[in-house]
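Enquirer: Starting off with a structure, shown below.
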Amino acid sequence: MVKVIVSVAIIACSFLLITTVAYTDGIPFVSDVFIGALPEEFSIELGKKVRNEVIYDNNIDEDKTDLINEYANKLDFPKGIKVYVLKSYEPNAFATPGKYIFINTGLLNKLENHTELAALLAHEYIHIEENHGLRSVGRSLGYEIFTHVFFSKNLKEEIMDKSNLLINMEYSRQFEKEADLKGLEFIRGKNIDPNGMLSLMKKLKKIEKQTERDSRLSTHPSTIDRIEYLEEEIKEMGNLPDLNHDPELEAIFERIRYRW
């Protein structure tokens, strides 16, 4: 009888463990599969909805928006990327589906050279390229992903209803690190000093409200962690030539600064 009870207990514990693993690991996998299968038209529609909400709630700095898009074009981003500069004291930037990047003047005005601007744009571009926004929303739906049929109208509507989550979203450690490192590769490939990404992170560290939070308790990497792995990655690149000087990009950046 004791053996039977022990066996049942083992089976029950095993089932609970398998169920827990399937739930915690299965949700990201299933949601990523679902999001990856969504047509591009849906992402464009969702992006436009979010863009309109952001523009409605904020004032756009038209001059800086024109200049920063001129800068982005010189970086040769894929066609369709659109950057908006928002008049806000909050030091923030974010990207949304539909290839939109938003940068607050509160952050833009703290940048000291064009390599930091290139790093910021590259980081946000990677969030778009890797579809981090929609994938994060998909994962936030949790169990609901399992209770809908793929491509169901209701689930698409539910994602559309959660579009506000895409504004000022805090990405997971995985997504943020991916944007940092692939953004680093992007600017290095454009012959821009990758130390611009590092100096950008050091600025973000200074303006963080809670720089001492324990990253072990957060799904978002601390800025200290980000600085460490960026330093390691740049070190592995070896000796770098002087990549800071780019007359065209520097000139556009100075025009942006002039309008401060």
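Enquirer: If the cut-off is 16 Å between C-alpha atoms, which aspartates and glutamates fall inside it for Lys156, apart from same-chain ones fewer than 8 positions away?
Expert: Result set, ordered by chain and number: Asp32, Glu40, Glu41, Glu45, Glu144.
Enquirer: Once both labels are modelled 7 Å past Cα along the beta-carbon direction, what's the Lys206-Tyr89 spacing in nm?
Expert: Between Lys206 and Tyr89, the simple spin-label model gives 1.8 nm.
Enquirer: Lys110: which aspartates and glutamates have alpha carbons under 15 Å from its alpha carbon, excluding same-chain residues fewer than 8 sequence positions away?
Expert: Straight-line reach from Lys110, under 15 Å: Glu90, Glu208, Glu254.
Enquirer: Among the listed pairs Lys177/Lys206; Lys49/Lys202; Lys162/Lys205; Lys87/Lys235; Lys99/Lys235; Lys49/Lys82, which have their C-alpha atoms separated by more than 25 angstrom in this model? Mind showing how you got there, number by number?
Expert: Working: Lys177/Lys206 19 Å; Lys49/Lys202 33 Å; Lys162/Lys205 29 Å; Lys87/Lys235 36 Å; Lys99/Lys235 31 Å; Lys49/Lys82 14 Å.
Listed pairs above 25 Å: Lys49/Lys202; Lys162/Lys205; Lys87/Lys235; Lys99/Lys235.
Enquirer: Show which aspartates and glutamates lie in cross-link reach of Lys79 when reach means a straight Cα distance below 14 angstrom and same-chain residues fewer than eight apart are skipped.
Expert: Cross-link targets: Glu70, Glu129.
Values in this text are rule-based calculations from the coordinates and carry no lab data. What you see is a predicted model; the values in this text were computed from it and never measured. Positions of Cβ are backbone-derived with ideal geometry, glycine not excepted, and every protein chain shown enters the neighbour counts.
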